[in-house]
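Please read the structure below before turning to the comments.
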Amino acid sequence: MIIRKSQREIEKIAGAGALVAETIAHVGSLIAPGVTTAELDDAAGRFIREHRGLPTSLGYKGYPAAICISPNDVVVHGIPGDYEVGEGDLVTIDVGVTLDGYIADSAYTFGVGEIDGEAQRLLDVGQDALETGIEQARIGNHVEDISHAVQTVVEEAGFSVVRSLVGHGVGRHYHEDPHIPNFGQRGRGPRLSEGMTIAIEPMITAGGADIVVADDGWTITSADGSLAAHFEHTVAITGDGPRILTPRVGVAARGPVLR
Ligand code: MF3
Ligand code: CO
(Lines give C-alpha, C1' and ligand atoms only; values in the text may rest on other atoms or scores of the structure.)
(Ligands and ions follow the chains in the order given, each with its own letter.)
Protein backbone atom coordinates (compact mmCIF):
# COMPACT_ATOMS: atom_id res chain seq x y z
CA MET A 1 0.00 0.00 0.00
CA ILE A 2 1.36 3.41 -0.99
CA ILE A 3 1.01 6.03 1.77
CA ARG A 4 0.34 9.50 0.34
CA LYS A 5 1.28 12.35 2.65
CA SER A 6 -0.49 15.59 3.48
CA GLN A 7 1.22 18.94 2.96
CA ARG A 8 1.92 19.03 6.70
CA GLU A 9 3.56 15.62 6.57
CA ILE A 10 5.67 16.58 3.56
CA GLU A 11 7.00 19.57 5.54
CA LYS A 12 7.94 17.19 8.37
CA ILE A 13 9.80 14.93 5.94
CA ALA A 14 11.51 18.03 4.53
CA GLY A 15 12.62 18.88 8.08
CA ALA A 16 14.17 15.44 8.46
CA GLY A 17 15.60 15.83 4.94
CA ALA A 18 17.37 19.08 5.80
CA LEU A 19 19.08 17.31 8.71
CA VAL A 20 20.00 14.39 6.42
CA ALA A 21 21.63 16.85 3.99
CA GLU A 22 23.49 18.65 6.80
CA THR A 23 24.72 15.30 8.11
CA ILE A 24 26.05 14.24 4.71
CA ALA A 25 27.87 17.59 4.42
CA HIS A 26 29.24 17.32 7.97
CA VAL A 27 30.58 13.81 7.35
CA GLY A 28 31.92 14.91 3.96
CA SER A 29 33.87 17.72 5.61
CA LEU A 30 35.58 15.12 7.82
CA ILE A 31 36.50 12.71 5.02
CA ALA A 32 40.27 12.68 4.45
CA PRO A 33 43.01 10.09 4.08
CA GLY A 34 43.58 8.28 7.40
CA VAL A 35 40.14 8.79 8.98
CA THR A 36 38.36 5.53 9.77
CA THR A 37 34.78 4.85 8.79
CA ALA A 38 33.96 4.20 12.48
CA GLU A 39 35.14 7.73 13.31
CA LEU A 40 32.92 9.12 10.55
CA ASP A 41 29.95 7.10 11.83
CA ASP A 42 30.52 8.34 15.35
CA ALA A 43 30.55 11.95 14.13
CA ALA A 44 27.36 11.35 12.13
CA GLY A 45 25.50 9.83 15.08
CA ARG A 46 26.50 12.68 17.38
CA PHE A 47 25.60 15.34 14.79
CA ILE A 48 22.14 13.85 14.20
CA ARG A 49 21.34 13.63 17.93
CA GLU A 50 22.68 17.16 18.60
CA HIS A 51 20.05 18.31 16.11
CA ARG A 52 17.26 16.36 17.86
CA GLY A 53 17.15 13.62 15.24
CA LEU A 54 17.57 9.87 15.44
CA PRO A 55 19.76 7.87 13.04
CA THR A 56 17.08 5.73 11.40
CA SER A 57 19.48 3.01 10.24
CA LEU A 58 20.68 2.19 13.78
CA GLY A 59 18.86 -0.98 14.84
CA TYR A 60 16.87 -1.16 11.61
CA LYS A 61 16.54 -4.92 11.03
CA GLY A 62 19.49 -5.17 13.42
CA TYR A 63 21.80 -2.81 11.49
CA PRO A 64 24.63 -1.95 13.93
CA ALA A 65 25.64 1.67 13.08
CA ALA A 66 24.22 5.18 12.68
CA ILE A 67 24.82 5.43 8.93
CA CYS A 68 26.08 3.25 6.07
CA ILE A 69 29.58 3.98 4.73
CA SER A 70 30.53 2.13 1.56
CA PRO A 71 34.04 2.51 0.10
CA ASN A 72 35.09 1.66 -3.47
CA ASP A 73 33.59 -1.70 -4.54
CA VAL A 74 31.05 -1.60 -1.69
CA VAL A 75 27.73 -0.70 -3.31
CA VAL A 76 25.57 -0.20 -0.20
CA HIS A 77 25.18 -1.08 3.50
CA GLY A 78 28.88 -0.86 4.35
CA ILE A 79 29.23 -1.17 8.14
CA PRO A 80 31.55 1.49 9.60
CA GLY A 81 34.66 0.01 11.20
CA ASP A 82 38.44 0.18 11.15
CA TYR A 83 38.74 0.81 7.39
CA GLU A 84 40.97 3.85 6.81
CA VAL A 85 39.96 6.14 3.97
CA GLY A 86 42.68 6.52 1.36
CA GLU A 87 43.56 9.10 -1.31
CA GLY A 88 41.68 8.27 -4.52
CA ASP A 89 38.87 6.35 -2.77
CA LEU A 90 35.18 6.64 -3.51
CA VAL A 91 33.21 6.75 -0.25
CA THR A 92 29.42 6.57 -0.17
CA ILE A 93 27.65 8.16 2.80
CA ASP A 94 24.03 6.94 3.16
CA VAL A 95 21.97 8.64 5.86
CA GLY A 96 18.46 8.12 7.19
CA VAL A 97 17.14 10.52 9.85
CA THR A 98 13.96 10.39 11.91
CA LEU A 99 12.84 13.83 13.11
CA ASP A 100 9.50 14.54 14.76
CA GLY A 101 8.34 11.06 13.72
CA TYR A 102 9.12 11.47 10.00
CA ILE A 103 11.94 9.99 7.95
CA ALA A 104 14.10 11.14 5.04
CA ASP A 105 16.85 9.20 3.27
CA SER A 106 19.71 10.35 1.03
CA ALA A 107 23.09 9.12 -0.17
CA TYR A 108 26.12 10.70 -1.82
CA THR A 109 29.39 9.29 -3.10
CA PHE A 110 32.46 11.42 -2.38
CA GLY A 111 35.76 11.13 -4.22
CA VAL A 112 38.80 11.59 -1.98
CA GLY A 113 41.47 13.90 -3.43
CA GLU A 114 42.82 12.94 -6.84
CA ILE A 115 40.58 10.21 -8.26
CA ASP A 116 41.12 8.52 -11.59
CA GLY A 117 39.21 9.49 -14.73
CA GLU A 118 36.93 6.47 -14.76
CA ALA A 119 35.99 7.05 -11.11
CA GLN A 120 35.20 10.69 -11.91
CA ARG A 121 33.01 9.61 -14.82
CA LEU A 122 31.17 7.11 -12.57
CA LEU A 123 30.33 9.93 -10.13
CA ASP A 124 29.18 12.25 -12.92
CA VAL A 125 26.97 9.56 -14.44
CA GLY A 126 25.51 8.58 -11.06
CA GLN A 127 24.52 12.17 -10.32
CA ASP A 128 23.14 12.65 -13.81
CA ALA A 129 21.10 9.42 -13.52
CA LEU A 130 19.56 10.59 -10.24
CA GLU A 131 18.67 14.02 -11.64
CA THR A 132 17.23 12.52 -14.81
CA GLY A 133 15.17 10.05 -12.77
CA ILE A 134 13.85 12.81 -10.51
CA GLU A 135 12.67 14.75 -13.59
CA GLN A 136 10.21 11.89 -14.22
CA ALA A 137 8.75 12.00 -10.68
CA ARG A 138 5.59 13.76 -11.81
CA ILE A 139 1.85 13.32 -11.27
CA GLY A 140 0.47 10.94 -13.91
CA ASN A 141 3.80 9.33 -14.76
CA HIS A 142 4.52 5.74 -13.79
CA VAL A 143 7.22 4.46 -11.46
CA GLU A 144 9.11 2.85 -14.31
CA ASP A 145 9.36 6.17 -16.16
CA ILE A 146 11.85 6.99 -13.39
CA SER A 147 13.45 3.55 -13.68
CA HIS A 148 13.81 3.75 -17.43
CA ALA A 149 15.36 7.24 -17.29
CA VAL A 150 17.95 6.12 -14.74
CA GLN A 151 18.81 2.97 -16.66
CA THR A 152 19.22 4.82 -19.94
CA VAL A 153 21.71 7.35 -18.54
CA VAL A 154 23.77 4.67 -16.81
CA GLU A 155 23.87 2.12 -19.61
CA GLU A 156 24.55 4.68 -22.36
CA ALA A 157 27.66 5.59 -20.36
CA GLY A 158 28.76 1.93 -20.41
CA PHE A 159 28.08 1.34 -16.70
CA SER A 160 25.65 -1.05 -14.96
CA VAL A 161 22.69 -0.55 -12.64
CA VAL A 162 22.39 -3.03 -9.80
CA ARG A 163 19.04 -4.71 -10.39
CA SER A 164 18.56 -6.52 -7.11
CA LEU A 165 18.47 -3.30 -5.06
CA VAL A 166 15.73 -0.68 -5.39
CA GLY A 167 14.55 2.72 -4.21
CA HIS A 168 11.39 2.92 -2.15
CA GLY A 169 8.61 4.95 -0.64
CA VAL A 170 9.73 6.72 2.55
CA GLY A 171 8.31 9.08 5.17
CA ARG A 172 6.30 7.43 7.93
CA HIS A 173 8.51 4.34 7.63
CA TYR A 174 12.04 3.85 6.32
CA HIS A 175 10.92 1.56 3.54
CA GLU A 176 7.39 1.90 2.17
CA ASP A 177 5.75 0.92 -1.10
CA PRO A 178 6.34 1.29 -3.98
CA HIS A 179 9.68 -0.19 -5.01
CA ILE A 180 11.58 2.13 -7.38
CA PRO A 181 13.80 -0.07 -9.57
CA ASN A 182 16.71 1.46 -11.49
CA PHE A 183 15.75 -0.31 -14.71
CA GLY A 184 12.39 -0.70 -16.42
CA GLN A 185 10.01 0.22 -19.19
CA ARG A 186 8.21 3.50 -19.73
CA GLY A 187 4.54 3.46 -18.71
CA ARG A 188 4.87 0.51 -16.32
CA GLY A 189 4.55 0.27 -12.58
CA PRO A 190 2.26 2.18 -10.20
CA ARG A 191 1.02 5.58 -11.32
CA LEU A 192 2.54 8.51 -9.43
CA SER A 193 0.14 10.85 -7.64
CA GLU A 194 0.25 13.91 -5.45
CA GLY A 195 1.59 13.36 -1.94
CA MET A 196 3.74 10.32 -2.67
CA THR A 197 7.21 10.59 -1.14
CA ILE A 198 9.86 8.33 -2.63
CA ALA A 199 13.58 7.65 -2.34
CA ILE A 200 15.11 7.51 -5.81
CA GLU A 201 18.54 5.90 -5.60
CA PRO A 202 20.58 4.69 -8.54
CA MET A 203 23.19 2.17 -7.35
CA ILE A 204 25.67 1.70 -10.17
CA THR A 205 28.97 0.02 -10.94
CA ALA A 206 31.75 0.58 -13.44
CA GLY A 207 31.59 -3.15 -14.25
CA GLY A 208 28.84 -5.76 -14.05
CA ALA A 209 25.48 -5.61 -12.26
CA ASP A 210 26.00 -8.63 -10.00
CA ILE A 211 26.50 -8.17 -6.28
CA VAL A 212 27.68 -10.26 -3.33
CA VAL A 213 26.52 -10.03 0.30
CA ALA A 214 29.36 -10.45 2.82
CA ASP A 215 29.32 -12.84 5.80
CA ASP A 216 28.35 -9.93 8.08
CA GLY A 217 24.93 -10.10 6.39
CA TRP A 218 25.05 -6.42 5.34
CA THR A 219 28.03 -5.33 3.24
CA ILE A 220 27.10 -5.54 -0.44
CA THR A 221 29.98 -5.41 -2.94
CA SER A 222 30.14 -5.63 -6.71
CA ALA A 223 30.77 -9.28 -7.63
CA ASP A 224 33.56 -8.33 -10.04
CA GLY A 225 35.25 -5.89 -7.64
CA SER A 226 34.44 -2.89 -9.83
CA LEU A 227 33.94 0.59 -8.35
CA ALA A 228 30.42 1.54 -7.23
CA ALA A 229 28.54 4.80 -6.72
CA HIS A 230 25.19 5.61 -5.08
CA PHE A 231 23.26 8.87 -5.23
CA GLU A 232 19.89 9.16 -3.50
CA HIS A 233 17.29 11.83 -2.77
CA THR A 234 13.94 11.76 -1.02
CA VAL A 235 11.47 13.38 -3.43
CA ALA A 236 7.82 14.46 -3.04
CA ILE A 237 5.38 14.26 -5.96
CA THR A 238 3.66 17.67 -5.96
CA GLY A 239 1.41 19.78 -8.15
CA ASP A 240 4.48 21.87 -8.95
CA GLY A 241 6.53 18.85 -10.04
CA PRO A 242 9.19 16.90 -8.18
CA ARG A 243 10.32 18.47 -4.90
CA ILE A 244 13.67 17.29 -3.53
CA LEU A 245 13.30 17.05 0.26
CA THR A 246 17.03 16.38 0.87
CA PRO A 247 18.69 19.22 -1.11
CA ARG A 248 22.51 19.20 -1.01
CA VAL A 249 24.34 21.66 1.23
CA GLY A 250 27.95 22.37 2.13
CA VAL A 251 30.70 20.21 0.61
CA ALA A 252 28.05 18.00 -1.04
CA ALA A 253 26.67 21.03 -2.91
CA ARG A 254 30.11 21.77 -4.39
CA GLY A 255 30.35 18.46 -6.25
CA PRO A 256 31.41 15.00 -5.19
CA VAL A 257 35.20 15.29 -5.32
CA LEU A 258 36.86 16.53 -2.12
CA ARG A 259 40.13 18.37 -2.82
N1 MF3 B 1 19.49 4.18 3.74
C2 MF3 B 1 19.36 2.91 3.06
C3 MF3 B 1 18.49 3.11 1.85
O4 MF3 B 1 18.87 3.86 1.00
C5 MF3 B 1 18.83 1.86 3.96
C6 MF3 B 1 19.82 1.37 4.89
S7 MF3 B 1 19.16 0.01 5.68
C8 MF3 B 1 20.19 -0.18 6.97
O9 MF3 B 1 17.43 2.59 1.70
F10 MF3 B 1 19.67 -1.11 7.68
F11 MF3 B 1 21.38 -0.48 6.52
F12 MF3 B 1 20.24 0.91 7.62
CO1 CO C 1 16.96 4.50 0.40
Return a yes/no flag: does region 180-189 have any residue that is part of a strand (DSSP E or B), touching a Pro at 6+ places or on another chain (Cβ under 6 Å) and surrounded by 15 or more Cβ atoms within 10 Å (Cβ to Cβ).
no
Looking at Gly17, Gly78, Gly53, can you tell me which residue is within 16 Å of ligand 2 (Cβ to nearest atom), touching a Leu at 6+ places or on another chain (Cβ under 6 Å), small (Gly, Ala, Ser) and at pLDDT 95 or above?
Gly17
Search result, residues across region 30-56 that are surrounded by fewer than 13 Cβ atoms within 10 Å (Cβ to Cβ) and either closer than 24 Å to Ile13 by Cβ or in contact with a Phe, Trp or Tyr (Cβ under 8 Å, 6 or more places away or on another chain) (or both)
Arg49, Glu50, Arg52
Select, from Pro64, Pro55, the only residue that is touching a helix residue (DSSP H, G or I) at 6+ places or on another chain (Cβ under 6 Å), within 14 Å of ligand 1 (Cβ to nearest atom) and farther than 13 Å from Thr109 by Cα.
Pro55
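Find the residue count for region 236-259, including only residues that are β-branched (Val, Ile, Thr) and either out of contact with any Ser or Thr (no Cβ under 7 Å at 6 or more places or on another chain) or modelled with pLDDT under 95 (or both).
Count: 4.
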Within region 183-206, count every residue that is on the phi < 0 side of the Ramachandran plot and either touching a helix residue (DSSP H, G or I) at 6+ places or on another chain (Cβ under 7 Å) or hydrophobic (A, V, I, L, M, F, W, C) (or both).
15
Considering only region 171-193, I want to know if a residue exists there that is away from ligand 2 (no atom under 15 Å from the Cβ) and of a type in the set (Asp, Glu).
no
Could you list, in sequence order, all residues of region 20-50 that are closer than 23 Å to Thr197 by Cα and either part of a loop (DSSP other than H, G, I, E, B) or within 15 Å of ligand 2 (Cβ to nearest atom) (or both)?
Val20, Ala21, Thr23, Ile24
Scope region 164-178; condition surrounded by fewer than 16 Cβ atoms within 10 Å (Cβ to Cβ) and either more than 11 Å from Ile13 (Cβ to Cβ) or under 15 Å from the mean Cα position of the chain (by Cα) (or both); matching residues
Ser164, His173, Asp177
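The values are calculated or read from the model by the stated rules, or taken from the named source; none is laboratory data. Source: prediction; values computed, not measured. With ideal geometry, Cβ positions are generated from the backbone for all residues, glycine too; neighbour counts draw on all protein chains shown.
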